[in-house]
1. Suppose we filter the stretch 323-348 for residues that are of a type in the set (G, A, S), in contact with a Leu (Cβ under 9 Å, 6 or more places away or on another chain) and surrounded by fewer than 22 Cβ atoms within 10 Å (Cβ to Cβ); how many remain?
2. Kindly establish whether E151 is more than 21 Å from R91 (Cβ to Cβ), modelled with pLDDT of 95 or more and acidic (D, E).
3. Any idea which residue in the stretch 189-238 is farthest from P25 (Cα to Cα), counting only those that are in contact with a helix residue (DSSP H, G or I) (Cβ under 7 Å, 6 or more places away or on another chain) and at pLDDT below 95?
4. Among the residues of the stretch 188-229, what is the count of those that are under 23 Å from G149 (Cβ atoms) and touching a Cys at 6+ places or on another chain (Cβ under 6 Å)?
5. Tell me which residues, restricted to the stretch 9-63, are in contact with a Cys (Cβ under 9 Å, 6 or more places away or on another chain), under 20 Å from M322 (Cβ atoms) and among the small types (G, A, S).
6. Out of R38, R23, report the one residue that is away from the ligand (no atom under 16 Å from the Cβ) and at pLDDT 95 or above.
7. Kindly indicate whether any position in the stretch 115-127 is touching a residue at least 12 places away in the same chain (Cβ under 8 Å), under 17 Å from the mean Cα position of the chain (by Cα) and closer than 24 Å to V235 by Cα.
8. Quick check on my filter: what residues within the stretch 308-347 are more than 15 Å from the ligand (Cβ to nearest atom), over 19 Å from the mean Cα position of the chain (by Cα) and either of a type outside the set (A, V, I, L, M) or within 14 Å of D184 (Cβ to Cβ) (or both)?
Amino acid sequence: MSEPEASEKGAVRSPLTDLLGIRYPVVQAAMGYVSGPRLAAAVSDAGGLGLIASATMSLAELEKAIEDTAGRTPRPFGVNLRADASDAAERARLIAFRRVPVASFAQAPKPELIAALKDAGVVTIASVGARRHAEKAAGWGIDAVIATGAEGGGHVGAVPTSLLVPQVVDAVEVPVIAAGGFFDGRGLVAALAWGAAGIAMGTRFLLTSDSPVANAVKQVYLAAGLDGTVVTTRVDGVPHRVLRTTMVDRLAQAGKVEALVRSARNAAAFRGVSGMGWREMLRQGREMRRGGLAWGQVLMAANTPVLLRAAMVDGRTDLGLMSSGQVAGLIGDLPSCAELIEAIMTEAGATLDRLEGVRKA
Ligand SMILES: Cc1cc2nc3c(=O)[nH]c(=O)nc-3n(C[C@H](O)[C@H](O)[C@H](O)COP(=O)(O)O)c2cc1C
């Protein structure tokens, strides 16, 4: 991969910029139905790393998205995939064949996929919410990890960013990308101070003029306070941080039978959206069951893509699910990705200058 143009004005170097060949140590975290070609290319073009979220795309849609993104920017970008998808190996082959520079895993990676991607020259990144997951992925040869703290949006662990990042940095040799709650240059410097090589942001990039989400949906996020999110297991059986809405409160109050009926309806709708047949859904369900999930949770797994799609694609803030980090409570504007990254880097520079003053005093 090419070296970053370190002589360019404002470019910074970290083990992450060196690994990925990017100007700034800023990654756009994968967001289903949000981080498609437009957002991913805008971030990469601005000097960060954009990631296409592919779990909510069919293989054909992913191929088109890769082509579209490559047509929008000459700079490196990546694809986020699920290692437990039934066509994960095909997706990895497509990423390698299309010469996508980076592949990141949503949830647990698999050693054979890491090896296949690395053999093809693709840089691999794993998302982790706990130290033992980082250690496992590092043992399998992963090139970098994104450590996401409990304040982050979407599926989250229990450990806050301020504790998880230093713990993971001390546990693995590979570059650690800090995530969960980042939005500005002070946060970037804090992450670097903990020993991270850069930051990844989801909610902050959702709230840009380059994100494809409807303005009415963005306004709901902007109106949220720091207490505006909640972690619920009622969506798909695992902890998920979302904006607290009437629909989410209703989910929390729903009885078991009502929740199952709703899940079955969503599973049917997801089948329509993803083009996945019942046979394939049942096969994946059986695999998940072998992995320890109960049938109720298997059905619930379809809730996330269906409800997320209702908000992010159809703009239904009343019916849909809005995954969100707590950081939504600190965000009040919708800059372009280029404006955002420039402001972060300028503030990071000013923060470092301020700290130099502290050291000299
Ligand atoms: C709207 C939204 C959708 C998300 N969808 C996914 C996804 O499809 N796959 C995934 O691995 N993570 C997903 N996430 C989690 C992000 O990748 C990331 O971990 C999180 O946004 C980081 O925290 P932050 O929002 O505080 O920056 C999503 C987050 C949001 C806000």
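The values are calculated or read from the model by the stated rules, or taken from the named source; none is laboratory data. Keep in mind that this is a model prediction, so the values were computed, not measured. Quick reminder, even Gly has a Cβ in these numbers, built from the backbone with ideal geometry, and neighbours come from all protein chains shown.
1. Number satisfying all stated conditions: 2.
2. Details: more than 21 Å from R91 (Cβ to Cβ): yes; modelled with pLDDT of 95 or more: yes; acidic (D, E): yes.
So E151 fits the description; yes.
3. Among residues in the stretch 189-238 that are in contact with a helix residue (DSSP H, G or I) (Cβ under 7 Å, 6 or more places away or on another chain) and at pLDDT below 95, the one farthest from P25 (Cα to Cα) is R234.
4. Residues of the stretch 188-229 that are under 23 Å from G149 (Cβ atoms), as a first pass: 188-208, 211, 221-222, 224-229.
From the residues that got through so far, the ones that are touching a Cys at 6+ places or on another chain (Cβ under 6 Å) too are 208.
Residues in the stretch 188-229 being under 23 Å from G149 (Cβ atoms) and touching a Cys at 6+ places or on another chain (Cβ under 6 Å): 1 in total.
5. Residues satisfying the conditions do not exist here.
6. R23
7. yes
8. Those that are more than 15 Å from the ligand (Cβ to nearest atom), over 19 Å from the mean Cα position of the chain (by Cα) and either of a type outside the set (A, V, I, L, M) or within 14 Å of D184 (Cβ to Cβ) (or both): D318, G332, D333, P335, E339, E342, A343, M345, T346, E347.
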